[in-house]
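These notes concern the structure reproduced below.
Where a number appears in this text, it was derived from the coordinates with a stated rule and is not lab data. Quick caveat, the model's predicted, so the values are computed rather than measured. Cβ placement follows ideal geometry from the backbone for every residue including glycine, while neighbour counts extend to all protein chains displayed.
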Amino acid sequence: MSVRYVGFWVRVLASLVDTILLGIVIYPVAYAIYGAAYFDLNQAGQMKGTADILLQYVFPAIAIVVFWIYRSATPGKLMMKARIVDADTLEKPETWQWIVRYLGYYVSIFTLFIGFIWVAVDPRKQGFHDKLGRTVVIYDDTVPDEAMATTAESPAAPGWEEPRADR
């Protein structure tokens, strides 16, 4: 199989897209519940209440895992034409892998983000969360070797013929 792993900067960009999309959903709801005081920078990092925990931790976790289960990618990864697959089979991961992968984000964060930065140096571009969940992120154009061999033997364009020796 000819596999192209998605690297660090593309994954950073996909993560930024996902963060913006989550913010578009979360912040209007937070504003409706808490008002403008929710965005007071002097109180940054303070939990405002139960709804804040649900909005900042529970909703994103559910949304991301649901996207992974149904699309094998978040919207950001879909924009980058990337998907998450099982590291061994390159097939769709099982539900437990998605959950462990998400929890692995916290491992990557608690190690001073080294778990994310590891994507830049790993040969298969796996962060700690990928290694724990046994997943890799690949481009959608990854194809089996058999398909590449067939494509290589196919004519380049319709109507193309191999030159014949008797001409």
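Here are the numbers for the structure shown:
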| item | result |
| --- | --- |
| Cα-based equivalent ellipsoid, region 1-99: semi-axes from gyration tensor eigenvalues, Å | 32, 15, 10 |
| Charge dipole magnitude, Cβ of K and R +1, D and E -1 - region 8-153, Cα centre, debye nearest 20 | 400 debye |
| Cβ-Cβ FRET estimate between residue 13 and residue 91, R0 fixed at 22 Å, reported to 0.05 | 0.30 |
| Distance in nm between pseudo-label sites at residue 59 and residue 142 (7 Å out along the Cβ direction from Cα) | 3.2 nm |
| Lys pairs, region 8-153 - Cα-Cα below 25 angstrom, 8 or more residues apart or on other chains | 8 |
